[in-house]
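Asks: Here's a structure for you.
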Amino acid sequence: MRASAYKQQLTAKNFALLGMSLGAQTASVFFIKYGLYIKAPFILMPFLTRYWLLGILCIAVQAVCWQKLLRAVDLSLAYAACSIFVILNLIVCRLAFAETVTLQHFAGGVLLCVGVTIIVFSKKIQYQQGTKA
């Protein structure tokens with residue numbers, strides 16, 4: 001039996017870990033980008049702001065949550081769910097930084113999520129049936 005057969009599905013605890021991972025990853029993008037927007041007197045100043053440091057902290061939180069999630073669920077399930085980060089990033093950039101985000105950007109993000117999900121789960125089904133892709 002495969003080692004991943006012993007792993008759980010997406011329970012409430014694992015779903016919370018996924019949400020924390022995606023939230024921390026999205027927050028890291030926000031804080032780092034906001035920290036770089038601040039006017040700095042010299043070139044290294046953006047890297048010394050509290051926003052940039054908060055972004056790095058969010059990356060650390062995301063990494064811990066992601067590792068805990070991978071111990072509990074299959075990589076295929078976690079990775080497919082993680083593709084939602086692209087859409088979250090578009091929303092944050094539009095709302096927080098007033099960047100131009102068109103319907104085409106959202107359509108691309110949705111296509112990416114659907115494509116990753118289809119590829120991941122079709123390979124998983126083929127593997128379970130004993131055929132090679």
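Asks: Quick check on packing: order 66-75, 94-103 by the mean number of other C-beta atoms within 10 Å, highest mean leading.
Replies: Details: 66-75: 16.5, 94-103: 11.2.
Per-residue mean Cβ counts within 10 Å order the peptides as 66-75, 94-103.
Asks: Something else about it: Return the distance in nm (one decimal) between the two label points of a simple spin-label model at residue 94 and residue 121, each offset 7 Å from Cα along Cα→Cβ.
Replies: Placing both labels 7 Å beyond Cα along the Cβ direction yields 2.5 nm.
Asks: Another one. Mind running the shape call on segment 3-129? Use the C-alpha gyration tensor, a ≥ b ≥ c as the square roots of the eigenvalues: rounded below 1.5 for a/c, prolate if a/b tops b/c, oblate otherwise. Mind showing how you got there, number by number?
Replies: On the way: a/c = 3.20, a/b = 1.67, b/c = 1.91.
Oblate, since a/c reaches 1.5 and b/c is not below a/b.
Asks: Next question. Given axes a ≥ b ≥ c from the Cα gyration tensor, I'd like to know whether segment 50-109 is rounded (a/c under 1.5), prolate (a/b larger than b/c) or oblate.
Replies: Numbers: a/c = 5.17, a/b = 1.29, b/c = 4.00.
Note, shape of segment 50-109 comes out oblate.
Since every read-out is calculated from the coordinates, none of them should be taken as a lab result. Everything quoted here is computed from the prediction, not taken from an experiment. Note that we place each Cβ from the backbone using ideal geometry, even for glycine, and neighbour counts take in every protein chain shown.
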